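*Asks:* One structure, as structure tokens, below. Some questions next.
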Amino acid sequence: MTTLVRSLLAAVLFITFALQAQAELRIDITRGTVEPLPIAVTDFVGATTVEQEYGRGIGRVIAADLERSGLFKPLDSRAFIQNNQAPGTLPRFGDWRVINAQALVQGRTQVVPDGRLKVEFRLWDVYAEQQMVGLAYFTVPDNWRRVAHIVSDAIYKRITGESGYFDTRIVYISETGPQNRRIKRLAIMDQDGDNHRFLTDGGTLVLTPRFSPTLQEITYLSYYGNQPRVYIFNIDSGRQEVLGDFPGMTFAPRFSADGNKVIMSMAKDGNSEIYTMDLRTRTVKRLTNHSAIDTSPSYSPDGKYITFNSDRGGSQQLYVMEASGAGVKRISHGKGRYATPVWSPRGDLIAFTKFTGGRFFIGVMRPDGKGERLLAEDFLVEAPTWAPNGRVLMFFRQERSKADGSGGKSRLYSIDLTGHNERQVITPLDASDPAWSPLIP
Amino acid sequence: MRFNILGMIAAVALVAACETAPKEEAASGGTGGSMASPSATTSAATMAPMGPKMGSQEDLVVNVGDRVFFDFDKYNLGSESRRVLEKQAVWLNKYRLVTVAIEGHADERGTREYNLALGERRANSAKDYLVALGVAADRIRTISYGKERPVALGSNEAAWAQNRRAVTTIK
């Protein structure tokens, strides 16, 4: 009898263990609505006041990143029974189950003798009582926010199976003043709005910035000297350089995914065509030849195809062609006008702006034009840009303006590909034309 | 002082023009009176003996009309637009040293990049017509501002109609 009970118990324990191993903590981000995962992010511990300060800051940046993703619900630290525990020891999981934390993030900050900051963290599955990931990073102390974003990305990746997008930046157009005398400046910030700075002074009209995959450069449109041309801006040096020597307005630039090319439109004698420039050889190739407006080109991630906007069929629609310019095919067939196609970094979808019935929409469709889904709608929404994992989009929304020049407020928003979790991205002034960077290398 | 008088003339011409061209009324800065009728300038002349300096931007604005308008997402010239450009061509053929830039604009009901292309088309429509009327092409450059420089404020049809325009400015 006793042996029977004992062997049963062993079996039960074994089954429980097997279940736990299978039902690993995981969020399926492809689902429409996800109940946010309760997660406890503790302040990272430190031995000195300075280390504790970094630790507190890092914990808070991670919690804010995870919360903004809409997939996690960071728990109020005041409910924590066991705070400030060194990550080397096993957590008292029972204490975390009491407050319904399903995951736990602990870490330690340490200023090492050479002056660098060492940041280590562990992600625990509270119910399985297992470590899911544990990593350590060294960096200059000023870089502590970046390390926090890198930790957030590691947590996101471990739990969703997708790479994260927290260690990224946004370049956009900052706007001030009445609509007829709008001052526009290039501005850059971390994905969470921190480290904001202006890159141009507002003396020249600038539009549509886009990140290079190598991240040190931005391509954009500048009206410098009343000559609208595509420029490249080096973020580190602040140097601005006009791209090519074109006889007409160049606009709508975008880098190829490998960073070696910029594709753009050039308007001559009123006709806009698509050109691509090899940045290494500076050779230019014309890709379209049609009396219609051909603009807003975007390469597929493998560089084999280009999606663009044209009114060659009578109204603005989306098209896909081969990188050589051959095999042009219309892909949008719905009601209304379609514009600003942007290929997802995953290659599976094309995001766009749509205008129909007096309203603007942000939507996505597959590269064959099927599976159209609209994610956001308003008086004016425009300019979708993809997070590097292809799961989140950012765009801008502009309100109606009044005849006295008031109103017309313009702001950035992010939204999940599922159409859920729309969030305003906080900027110091009005904002438009966002562009998401790749993960910082 | 002379400048102030000019300002008054432009203002009077604008009000008078409003009676025949209601679309003009929200134009700002006194430069919107593109279709000033002869009677308007006559009544202005009674207030001030001096008109705008011949061959100046003011002259173009007050006595000729500096801009033409377009329908939504269109760049073809209507009969009214052609009439204004015909007067511009006569004027440009009279003042042969003047060079101009034609600025093409769009309303806010379009995406930024498409509107840049559309503004370019509109500016070139106006240019092509002037060239067809005998104005040398190298006297006219074009620039598109897309939806970046509206002249009429407000998100309404009347403002949008004013903003879909090509404006001739002396360089």
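Read-outs: derived from the displayed coordinates by stated rules, not from any lab. Here the structure is a predicted model, which is why all the values come from computation and not from measurement. With ideal geometry, Cβ positions are generated from the backbone for all residues, glycine too; neighbour counts draw on all protein chains shown.
*Asks:* Going by average Cβ neighbours within 10 Å, how do the peptides A:374-380, A:419-425 rank, with the highest at the top?
*Replies:* Result, highest mean first: A:374-380, A:419-425.
*Asks:* Can you list, largest first and rounded to whole Å, the semi-axes you get for region A:226-297 by taking the square root of 5 times each eigenvalue of its Cα gyration tensor?
*Replies:* Semi-axes (√(5λ), whole Å): 21, 14, 10.
*Asks:* Across peptide A:246-257, how many C-beta atoms of other chains are within 10 Å of each residue C-beta, on average?
*Replies:* Going residue by residue through A:246-257 and averaging, the value is 2.
*Asks:* Go through A:LYS370/A:LYS409; A:LYS184/A:LYS261; A:LYS304/A:LYS335 and tell me which ones have a Cα-Cα distance over 32 Å in this structure.
*Replies:* In this structure, A:LYS370/A:LYS409 lie more than 32 Å apart at Cα.
*Asks:* Based on the mean of other beta carbon atoms within 10 Å per residue, what is the order of A:251-257, B:117-123, A:106-112, most packed first?
*Replies:* B:117-123, A:251-257, A:106-112
*Asks:* State to the nearest 20 debye the size of the charge dipole of chain A about its Cα centre, where the only charges are +1 on K and R beta carbons and -1 on D and E beta carbons.
*Replies:* 680
*Asks:* Taking R0 as 30 Å, what's the FRET efficiency between A:ALA326 and A:ASP245 from their Cβ-Cβ distance, rounded to 0.05?
*Replies:* For A:ALA326 and A:ASP245, the calculated efficiency is 0.65.
*Asks:* Work out how much length A:THR30 to A:SER237 would gain on full extension: take 0.36 nm times their residue separation and subtract the Cα-Cα distance, in nm to one decimal.
*Replies:* Difference between extended and current length: 70.5 nm.
*Asks:* With N set to the residue count of region B:66-171, report its C-alpha Rg divided by 2.2 N^0.38 Å to two decimal places.
*Replies:* My calculation over the Cα atoms of region B:66-171 gives 1.02.
*Asks:* Something else about it: Projecting each Cα onto the charge dipole of the protein assembly as shown (Lys/Arg +1, Asp/Glu -1 at the beta carbon, about the Cα centre), which of A:TRP386, A:GLY107, A:ILE331 comes out farthest on the positive side?
*Replies:* A:ILE331
*Asks:* Further question on the same structure: What is the calculated FRET efficiency for A:GLU129 to A:ARG423, with r their C-beta to C-beta distance and R₀ = 45 Å, to the nearest 0.05?
*Replies:* The pair A:GLU129/A:ARG423 has a calculated efficiency of 0.85.
*Asks:* Now for a different question. Given contacts defined as C-alpha pairs under 8 Å and at least six residues apart, what's the relative contact order of chain A, whole-number percent?
*Replies:* 10
*Asks:* If I model a spin label at B:ASN76 and A:LYS73 as a point 7 Å from the Cα along the Cα→Cβ vector, what separation in nanometres do I get?
*Replies:* With each label placed 7 Å out from Cα toward Cβ, I get 6.0 nm.
*Asks:* Under a straight-distance cross-link criterion of Cα-Cα below 19 Å, which aspartates and glutamates are reachable from A:LYS329, leaving out those fewer than 8 residues away in the same chain?
*Replies:* A:GLU273, A:ASP294, A:ASP302, A:ASP311, A:ASP348, A:ASP368, A:GLU372
*Asks:* State the volume of the convex hull built on the alpha-carbon positions of chain A, expressed per residue in Å³ and rounded to an integer.
*Replies:* Hull volume normalised by residue count: 192 Å³.
*Asks:* Right, another one. Based on DSSP H runs of at least 4 residues, each adding -39500 (n - 2.57), what is the mean residue ellipticity at 222 nm of the protein assembly as shown after dividing by all its residues, to the nearest 500 deg cm²/dmol?
*Replies:* That calculation yields -7500 deg cm²/dmol at 222 nm.
*Asks:* Evaluate peptide A:89-101: per residue, the Cβ atoms of other protein chains within 10 Å of its Cβ; return the mean as an integer.
*Replies:* Mean inter-chain Cβ contacts per residue within 10 Å come to 0.
*Asks:* Here's something else I'd like to know. Could you sort B:138-151, B:92-105 so that the peptide with the highest average Cβ count within 10 Å comes first and the rest follow in order?
*Replies:* Going by the mean number of other Cβ atoms within 10 Å, highest first, we get B:138-151, B:92-105.
*Asks:* Along the charge dipole of the protein assembly as shown, which of B:ASN93, A:PHE361, A:PHE121 sits closest to the positive end, that is, farthest toward it, with unit charges on the beta carbon of Lys, Arg, Asp and Glu (+1, +1, -1, -1)?
*Replies:* Highest projection toward the positive end goes to B:ASN93.
*Asks:* What is the sum of charges, Lys and Arg at +1 and Asp and Glu at -1, for the other residues whose Cβ falls under 12 Å from the Cβ of A:LEU374?
*Replies:* Here the count lands on +1.
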